[in-house]
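Step one of this worksheet: look at the structure below.
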Amino acid sequence: MQGTCPSPVSASPVGKWLLQVLCCSHLKRERKQPPPLPVAPTRFRLIRVKQDPLRAIIQRFALASMLLLIVTLITYIGRKGYVDNEHPNQLLTFVDSLYYATVTITTTGYGDIVPVTQASRLITTVVVTPIRILFIVLLVGTTLQVLAEQSRFQFRLRKWQRDLKDHVVVCGFGIKGKSALEYIQSHDEGIDAVVIDESDDALEDANRLDINGISGKSYDRQILDAARIGTAKFVIVALSSDEQSILTVLRVRELNPTAKIVTSCKEESNVELLSSSGADEVIVSSSSAGRILGMAAETPEAARVVNDLLTFGDGLDINERRIETDGEQIEQRPHQTAIAVIRDQKVHRPGDEECQTLRAGDQVIYIDQTAPEEAEEPTKA
């Protein structure tokens, strides 16, 4: 149905609140019908190592210790074939065997204990030498592998950071942060995203969506620098604590004066503080949910409309159109109903006298319902 919203609804307190919620919760971008759940492509993921590095080191240390014990036992069992130049008339003790095994497989070789029989020399050549080589490869290989992985990771990280700009940074990848990112990506499928969270589970969820994740506190300058906050376009602060949100907004605004910062807030008393800290939009999640619950009790049909507007999929959706030239008129298109005009950061009704003629830079907010595709007529035989 064409035309503006009925005046009783727009004039009621519920209608005013609904208008403010719909106009302040979006991110001011024109869009078409969004796909169900898009995933932003990323150049690479900061994937966690499936095996704990400490566990890998312990396993290799255990293997090296086992090799050392084998050589020690071989030496101790055949101790009659070895001579200690310091005590030539005494058989080697277990400690002497351990000492000989250590200096032998580590290629130190002091020469104080030597094999003197043919059998002991043959065992040293055939058995101990391969163990020595394996021991060296094990230790040196571990070191080289760690260095190579670190170098490769740092190279990829620097390249990724160098190319990252006009992206979105999500501080807190819970339900709110994930939903906000899905909304942004539905408007701009090519936008890159970076998630900052202290939870391993949250970062793993981000990795499964091909989204880069950084572990740490969102108000830490080093963490924000790693996320290239200085070149970010949007910053979504969806933390569980208002105190952390305030610190994060202050730090982000310090590092990026032009980014669009949207934050959630639990207590209405912190809205002004977050706004003065640099947040462009502050959404009080608890009170907004409470109002929708109250609306569901008093006017359940209106609550269904609000829920439908905030949910992707079939039915009603909310969109925006930016006015490019002066003098344009509000057009009522099929399946679209204008509900507000944003001018100078203020919300106006479409019927207001001052908004009859639009200006460049105005934003028209409208409710959109995609018309169902007409069924094709069957082809006659």
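Annotations
- Difference of contour (0.36 nm per residue) and Cα-Cα distance, residue 106 to residue 151: 13.5 nm
- Taking amide H atoms as placed 1.01 Å from N in the peptide plane, the amide H of residue 82 lies under 5 Å from those of 116, each 5 or more residues away in sequence or on another chain.
- If R0 equals 56 Å, the separation of the Cβ atoms of residue 335 and residue 199 corresponds to a calculated FRET efficiency of about 0.85.
- For residue 122 and residue 77, a Förster radius of 25 Å and the Cβ-Cβ distance give a FRET efficiency of 0.95, rounded to the nearest 0.05.
- For residue 269 and residue 325, the difference between the fully extended length at 0.36 nm per residue and the C-alpha to C-alpha distance is 16.2 nm.
- Across region 207-222, rounded Karplus estimates of 3J(HN,Hα) from the backbone phi angles (6.51 cos²θ - 1.76 cosθ + 1.60, θ = phi - 60°) give 4, 5, 9, 6, 10, 5, x, 10, 8, x, 7, 6, 9, 7, 4, 5 Hz, Gly and Pro being marked x.
- Cut-off 19 Å (backbone N to label point 7 Å along Cα→Cβ of residue 243), residues of region 194-213: 198-199
Readers should treat all values here as calculations from the given coordinates under stated rules, not as data from a laboratory. Just so we're clear, the structure is a prediction, and the values are computed from it rather than from any experiment. Cβ coordinates were reconstructed from backbone atoms using ideal geometry, including for glycine residues, and neighbour counts include every protein chain displayed.
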